[in-house]
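The values are calculated or read from the model by the stated rules, or taken from the named source; none is laboratory data. Everything numeric here is computed off the predicted structure, so don't read it as measured data. All Cβ positions, even for glycine, are placed from backbone atoms using ideal geometry, and neighbour counts span all protein chains on display.
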Amino acid sequence: MRWLIDGYNVIRRSSELHERERQGLEAGRRALLDLLGRVSRDRGDQFTVVFDGAGAGGSTGGADVRIIFSSARESADRVITRMAAQGGAVVSDDREVLRAAARVGAVAITAREFLARLDEVEAGAARDVRETEEDANDESEPRAAPRKGNPRRLGKKARAAARALGRLGGHPR
C-alpha cells in the first residue's frame, strides 16, 4: 500500500515521537522514519513523508520510505494535497488536507487512527478499527439530509479507511 504522511502532524500527535522532537526537529523526524522503516520492512508498504521545509525543498530516502521537504514557497499541506491525486492513503489531522485527499479519490485517515494501528501492529494485535465515541459525537460538519441504510454500518469513506489500516497490519510480503 502507498501511504502519504503529513510528517510533523503525525509526530506531534504521538507522545513518544513528540518527546523525541523536543530533543530537536531532526530527532523527531528520525524517530518517525525509523518507525515507518520497521513497518515497511515487515509489511512491504511504501511511505512518503512530507515535512515543511525551507529553501528549494527536495526529497531523499529509499524505495520504501521516501522523505520530501516542501519549498519555502509551498507548504507541506499543499504538497500532500497535490500528491494525493496519485492514490493511496493520506495520513493527516488537517481537515482541509483530508477533504482534498478524499475529493481526488485517496483514502483519508487521521493521524490518531494511523498511530493507533501502528501501535497494534507493533504489539502484534489484530483488532478491528472502529469509530470512537469522540468521532461519533463530532458535530463539526452538518449533514444536509438524514442518512439512509443500516445505522450500524460505517460509511463508505470510513470503510475505505478501515480497509487501508487493515492492510497495514496484514500479512507480510
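Listed residues 147, 103, 99, 82; which is more than 15 Å from residue 10 (Cβ to Cβ), of a type in the set (Lys, Arg) and at pLDDT below 90?
Testing whether each residue is more than 15 Å from residue 10 (Cβ to Cβ), of a type in the set (Lys, Arg) and at pLDDT below 90 leaves just 147.
Residues that are loosely packed, with under 15 Cβ neighbours inside 10 Å, at least 2 per element: which strands (runs of 3 or more DSSP E) completely within segment 1-103 meet that?
The qualifying strands (runs of 3 or more DSSP E) are 58-61.
Do we have any residue at all in segment 108-117 that's basic (Lys, Arg), outside any loop (DSSP other than H, G, I, E, B), surrounded by 16 or more Cβ atoms within 10 Å (Cβ to Cβ) and at pLDDT 85 or above?
Yes, the conditions are met somewhere in segment 108-117.
Given the conditions (1) under 22 Å from residue 40 (Cα atoms); (2) at pLDDT below 90; (3) not acidic (Asp, Glu), which single one is not true for residue 158?
Going through (1) under 22 Å from residue 40 (Cα atoms); (2) at pLDDT below 90; (3) not acidic (Asp, Glu) one by one, residue 158 breaks only (1).
Have a look at 39, 49 and point out the one that is modelled with pLDDT under 90 and among the aliphatic types (A, V, I, L, M).
39
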